[in-house]
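Only one structure is covered here, and it is reproduced in the block below.
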Amino acid sequence: MSQLVPLTPPPGLNTIGTLYSNKGAWVDSNLIRWVEGSVRPIGGWLKIIATQLTGTIIAVYPYELNNGGKCIAIGTTDKVYLYNGTLNDITPSGFVPPSSQTGGGYGYGAGIYGDSTYGTQRTTTGLNIPIWQYFFDSWGQTLVFMCNADGKIYTADGTGSEGIVMSNAPTNNAAVFITDERFVVAISAGGVYNRIAWCDRENYTDWTATTVNMAGGLNLNSGSPLIAAVKWRGQNILFSMTGVHLMSFVGSPYVYGTSKITDSAAPISPRAILAFPQGVTWVTEGGIMLYNGAVQSIPCPVWDTFRQAVNWESISSTFAGHNSYNNEVWWWFPTGSSVIPDTYIKWNYKENLWDIGKLSRTAWADSGVWKYPIGATPDGYLVQHECCQLSQSYNIGGANPYISTSLNDVAFGSNIITIDRIIPDELVNGNTGKLSYTISGAMYPNQSDTSNGSESSAYTITGGPYSLSAGSGKIDCRLTARHFKLRIDGPTDKDFVIGVLRARVTLRGSR
């Protein structure tokens with residue numbers, strides 16, 4: 001006797017565990033997102049600037065001038081650019097770019113005891129040395145920036161003129177940011193690994209503390225170098241290579257004080273830290289963390305995808321980006337032997353749903369000043385995301401949106417079933433380019449699929465891909481097995497929504 005059973009798993013991916021332990025779950029995807037629990041494609045991307053930039057883009061910072069003019073500050077491994085309708089090279093004179101750094105020479109105390117000889121400067125370390133990173137911020141319409149490969153703090157006026165060194169500011173810094181109280185703050189100031197220093201209030205050329213100004217500094221009780229800082233809801237969060245600190249405004253005479261939030265949960269790099277409306281999140285070697293008043297771990301059902309695929313030798317090139325249009329945080333990371341992030345995991349924090357995919361990006365900036373989010377491609381272009389169909393996207397190649405399941409126990413115990421009809425639930429704009437369905441069956445979880453659209457003596461079958469015939473509302477097929485998995489591929493030139501797929505099944509007994 002035949003009956004209709006649902007084949008569509010609950011929303012969200014889960015890649016932790018084996019195929020069978022994840023039975024009935026989505027386990028793989030590409031270029032899709034969750035919207036109110038349903039699957040849809042992400043938006044496409046188009047170039048903002050036709051010119052290819054020199055070097056790999058590793059930082060993007062959109063900001064606005066007092067006259068309403070929109071700018072994008074861009075840091076690459078070779079140069080600093082400002083786009084204000086025209087692309088300008090604003091690389092300061094004497095600037096040391098990341099491309100000139102080899103990463104060698106980590107000092108005389110790095111690594112573990114006995115790892116090398118006394119008096120020899122180490123070229124490798126057991127510590128997670130952060131990748132080179134730019135830090136951009138705005139002092140009104142003045143751009144303030146630095147790169148940790150160079151260590152000096154610069155300003156630029158938004159006209160496209162070359163950046164200039166900030167007068168009297170410390171050098172050999174690891175990062176810089178501007179507080180809500182209007183202080184420029186240098187991190188690991190002057191090359192002192194645990195020191196923060198700030199200018200006088202409203203005067204970024206005065207860094208010497210006196211009895212008549214508010215300039216100052218202090219050394220944190222940190223056992224490792226400070227590497228980055230972010231702002232969130234009036235709080236200043238400082239990150240070292242082993243912990244996290246809170247920097248708070250206390251007024252004169254001390255101006256700022258600090259407290260340790262945690263002495264663990266170190267970020268893998270400055271670029272893996274992100275402030276977004278729900279808190280501050282960062283990637284550690286053991287998972288994804290969140291600070292929203294307290295430090296906590298974010299349960300991540302796709303963490304195995306990251307852990308097993310990431311290139312651990314280049315893990316510090318992992319970076320985070322926020323897409324406020326869709327309530328998403330993305331983490332891009334390199335896989336295989338790549339040093340460029342080529343894969344992502346993505347969290348819809350509004351619905352607490354996750355997905356994964358392949359898309360190579362080297363930097364990201366959220367929408368706000370610019371209408372759409374901005375991404376950087378590995379070949380040196382800036383693109384606006386979510387602004388077109390996927391098929392119009394720059395350099396998309398043959399990639400397409402899809403989602404697939406793990407095994408599904410349609411039958412119980414030793415029972416075998418036949419699926420002879422699939423009833424899709426889909427919404428696709430237009431009359432062509434319908435969704436494509438591939439369903440695979442196996443007698444045992446670890447059997448490999450073989451291409452066979454009917455019953456197989458190997459007890460492993462793959463049927464499809466199938467598409468819904470116009471006006472029929474169904475797909476006729478014939479597959480017999482104990483376990484089934486499903487893949488749905490979507491078009492790139494149309495929006496679509498995937499609903500609840502059902503199958504007509506007939507119990508066949510144990511053989």
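The values are calculated or read from the model by the stated rules, or taken from the named source; none is laboratory data. Quick caveat: nothing in here was measured; it's all calculated off a predicted structure. Cβ sites come from the backbone with ideal geometry, for glycine too, and all protein chains shown count toward neighbours. Areas reflect the complete protein model, heavy atoms only, side chains present, ligands, DNA and RNA absent. Shrake-Rupley method; radii C 1.70, N 1.55, O 1.52, S 1.80 Å.
Name the shape class, rounded, prolate or oblate, that the alpha-carbon gyration tensor gives for segment 260-365, where a ≥ b ≥ c are the square roots of its eigenvalues, rounded holds for a/c under 1.5, and otherwise prolate holds if a/b is larger than b/c and oblate otherwise.
Here segment 260-365 falls in the oblate category.
So what is the accessible area of segment 258-328 per residue, in Å², with the probe set to 1.4 Å?
Ligands and nucleic acids excluded, the figure is 37 Å² per residue.
Using the structure shown, list the pairs from 231/358; 79/260; 47/70; 70/350 with a Cα-Cα distance above 25 Å, or answer none.
Result: 231/358; 79/260; 70/350 exceed 25 Å.
Using only DSSP helix segments of four residues or longer, with each worth -39500 (n - 2.57), what per-residue ellipticity at 222 nm results for the chain after dividing by its residue count and rounding to 500?
-500 deg cm²/dmol
Could you please state, rounded to a whole Å, how far the C-alpha centre of segment 172-241 is from the C-alpha centre of segment 53-86?
Using only Cα atoms to place each centre, the spacing works out to 24 Å.
With a 1.4 Å probe and all protein chains kept in place, how much accessible area does residue 467 have, in Å² rounded to the nearest 10?
Probe radius 1.4 Å; accessible area of residue 467 about 60 Å².
Rank-order 195-205, 262-272 by packing density, defined as the average count of other C-beta atoms within 10 Å over each peptide's residues, highest first.
Descending mean neighbour count gives 262-272, 195-205.
First select every other residue whose beta carbon is under 11 angstrom from the beta carbon of residue 356; then total the charges, Lys and Arg +1, Asp and Glu -1.
-1
Please label the shape of the chain as rounded, prolate or oblate, based on the square roots a ≥ b ≥ c of the eigenvalues of the alpha-carbon gyration tensor (a/c under 1.5 means rounded; beyond that, a/b larger than b/c means prolate, else oblate).
In terms of gyration-tensor shape, prolate.
Net charge near residue 94: determine it from the other residues with C-beta under 15 Å of the C-beta of residue 94, scoring Lys and Arg +1 and Asp and Glu -1.
Here the charged neighbours net out to -2.
Once the other residues with Cβ under 10 Å from the Cβ of residue 146 are scored (Lys, Arg +1; Asp, Glu -1), what is the net sum?
-1
What is the Cα centroid distance between segment 337-367 and segment 480-511, reported in whole angstrom?
Going from one Cα centre to the other spans 27 Å.
In debye, nearest 20, what is the charge dipole magnitude of the chain about its Cα centre with +1 on Lys and Arg Cβ and -1 on Asp and Glu Cβ, if you could check?
Here the size comes out at about 1200 debye.
What is the percent carbon and sulfur in the accessible area of the chain, measuring with a 1.4 Å probe over the protein chains and ignoring ligands?
49 percent
Label segment 323-384 by shape, choosing from rounded, prolate and oblate, from the square roots a ≥ b ≥ c of the eigenvalues of the Cα gyration tensor; if a/c is under 1.5 it is rounded, and otherwise prolate applies when a/b is larger than b/c, oblate when it is not.
Verdict is oblate for segment 323-384.
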